[in-house]
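Some notes on the structure that comes next.
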Amino acid sequence: MKESYDLAVIGAGPAGYTAALEAAKLGMRTVLLEKRELGGTCLNRGCIPTKTLLHSANLFAQMEAAEKFGVCAGSPAFDMGQIQRRKSEVILRLRDGIAMLMKKNRVTVLTGTAVITDAHTISVDGEQKLSAEKILIASGSVPAFPPIQGAQLADVVTSDELLDRQEVYPSLVIVGGGVIGMEFASVYNALGSRVTVIEFLDSILANMDREISQNLKMIMKKRGVEIHTGSRVERITRNEDGKLVCHYLEKDEEKETAADGVLIATGRRANTEGLFADGFGVETERGRIVTDEHGRTSQENIYAAGDVTGGVMLAHAATAQAVNAVRHIAGEKPLYQLDCIPACVYTDPEIGSVGMTQEEAKRRNIPVLIRKYPMSANAKTVLTDQNRGFIIVVAEKESGKILGAQMMCARATDMISQFTAAIVNGMTVDQLAAVIYPHPSFSESIGETLRS
């Protein structure tokens, strides 16, 4: 006899485990299915391990500059093995926390490969079958591997493999200058590697504000990172010295660069492989699952949320989509406003962005007023010797209503939420400027920006 549930969730990443918790709190009998570890890509092979490595790398870089602050720490060194052990400890601690939450909320957790065989039935590892009134797909995404000749050579890796390396490549070529590529460029540069970034588009972080892209490129180049934009990798070979050689076109000129390792960081794609049995499925578009504004697929009782639906591939976006989908299933109002999702990049300096940019406002013919503040005037930035940075606020010209903000400075990933809250609640520049910020602090630069 098949086990029966109100909701079956496939995938235990941020979208999946959050959906299971929300469903359980709303009184649904819920099962969570995951073929690997609880926490999904974000916890085990993405956000958390990457940021853990970034923290260690930044700490090492700060120690190397300690004498500037009157602190003599000798000659600092790093132990990649210990960095990896700490990363594993962080992951395990957070994974155990998720398991505890599932148990506390009486969510059934099953480990195995789930295949949806019909509108209400799921097969687990081809043996166990269960039925569910509703199904939520949260199977996430996998690295997108472009068809580059030689990409299967040893030491040509994705972020999954690079995160587990016990040794640092002395030199690394990164194919792709998006968020993943630039964060790994920051890690390896801070740890003393020679880093080269090759990006197909005309700018790194191409979906960000142009000024952010230009400033990060300038900062990274000053630190010794070589960046080639508007360049396409044609093939990868191995030379007589055993190094990998990336052959690429830059402005129609053939060039090449050698390194010990090559990271392919050209984005991610929806993970739908093997998700449905033959003869059954839902509508897809270019590999992603198509959903409506409630997360519902072409099969009325099957929903999807997170990376598997394409769009904004961010953990917090996936979480919000999943919670809203579950609440729709339960007949409740949505909790989150999905058209206002902050984006963060954990480089040094950090980058936070939400809402409309100046360029987007111009394309949409929206008259705006711009407030900009250089972080070189912020006391906390100066006393901690942070890099050059700025805050930009975009507001509707007539009403003063805040439409967007872009930040490139220390703690930007924490402070961007103030602007997200302002946009969601329809606040104006004057209303947010009335807030009193502590001094000295990084956050007081928000008030200075709004009053500038």
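Looking across Ala65, Ala73, Ala12, one residue alone is over 27 Å from Asp164 (Cβ atoms) and either modelled with pLDDT of 95 or more or in contact with a helix residue (DSSP H, G or I) (Cβ under 7 Å, 6 or more places away or on another chain) (or both). It is Ala73.
Going by the conditions given, is Gly177 out of contact with any Ser or Thr (no Cβ under 6 Å at 6 or more places or on another chain), buried (at least 24 other Cβ atoms within 10 Å of the Cβ) and under 27 Å from Ala315 (Cα atoms)?
Values: out of contact with any Ser or Thr (no Cβ under 6 Å at 6 or more places or on another chain): yes; buried (at least 24 other Cβ atoms within 10 Å of the Cβ): yes; under 27 Å from Ala315 (Cα atoms): yes.
Spelling it out, Gly177 is indeed out of contact with any Ser or Thr (no Cβ under 6 Å at 6 or more places or on another chain), buried (at least 24 other Cβ atoms within 10 Å of the Cβ) and under 27 Å from Ala315 (Cα atoms).
Restricted to strands (runs of 3 or more DSSP E) entirely inside region 303-385, no element has at least 1 residues that are of a type in the set (A, V, I, L, M), out of contact with any Ser or Thr (no Cβ under 9 Å at 6 or more places or on another chain) and under 30 Å from Asp118 (Cα atoms).
Scoring Ala317 on the criteria (1) aliphatic (A, V, I, L, M); (2) surrounded by 15 or more Cβ atoms within 10 Å (Cβ to Cβ); (3) in contact with a strand residue (DSSP E or B) (Cβ under 8 Å, 6 or more places away or on another chain) leaves a single failure, condition (3).
Sub-8 Å Cβ pairs linking a first residue in region 65-80 that is among the aromatic types (Phe, Trp, Tyr) to a second residue that is assigned to a loop (DSSP other than H, G, I, E, B), at least 6 apart or interchain, are Phe69/Asp385; Phe78/Leu191, ordered by first then second residue. Looking at the structure I just gave you, is Met208 in a loop (DSSP other than H, G, I, E, B), surrounded by 20 or more Cβ atoms within 10 Å (Cβ to Cβ) and in contact with a helix residue (DSSP H, G or I) (Cβ under 9 Å, 6 or more places away or on another chain)? Against the criterion (in a loop (DSSP other than H, G, I, E, B), surrounded by 20 or more Cβ atoms within 10 Å (Cβ to Cβ) and in contact with a helix residue (DSSP H, G or I) (Cβ under 9 Å, 6 or more places away or on another chain)), Met208 qualifies.
For first residues located in region 88-111 and more than 19 Å from Met28 (Cβ to Cβ), partners that are of a type in the set (D, E, K, R) and lie 6+ apart or on another chain with Cβ distances below 8 Å form the pairs Arg95/Glu37; Thr111/Glu34; Thr111/Lys35.
Is there any pair with a first residue in region 411-440 that is outside the structural domain of His55 (by TED's automatic domain parsing) and surrounded by 14 or more Cβ atoms within 10 Å (Cβ to Cβ) and a second that is of a type in the set (Val, Ile, Thr) and assigned to a loop (DSSP other than H, G, I, E, B) whose Cβ atoms are under 9 Å apart and which are 6 or more apart or on different chains, and what are they? Close Cβ pairs (under 9 Å, with a partner that is of a type in the set (Val, Ile, Thr) and assigned to a loop (DSSP other than H, G, I, E, B)) amount to Gln418/Val435; Thr420/Ile341. Of the strands (runs of 3 or more DSSP E) lying entirely inside region 48-136, those carrying at least 1 residues that are under 26 Å from the mean Cα position of the chain (by Cα) are 108-111, 114-118.
Tally up the residues in region 264-287 that are acidic (Asp, Glu) and either part of a strand (DSSP E or B) or not assigned by TED's automatic domain parsing to the domain that holds Ile302 (or both), please. If you could, list the steps in order and put the result at the bottom.
Of region 264-287, the ones acidic (Asp, Glu) are 273, 278, 283, 285.
Pick out the ones that are also either part of a strand (DSSP E or B) or not assigned by TED's automatic domain parsing to the domain that holds Ile302 (or both) and you get 285.
So the answer is 1.
The values are calculated or read from the model by the stated rules, or taken from the named source; none is laboratory data. As the structure is a computational prediction, the values presented were derived from the model and not from experiment. A quick note on method: Cβ atoms are made from the backbone with ideal geometry, for glycine too, and the neighbour counts reach across all protein chains shown.
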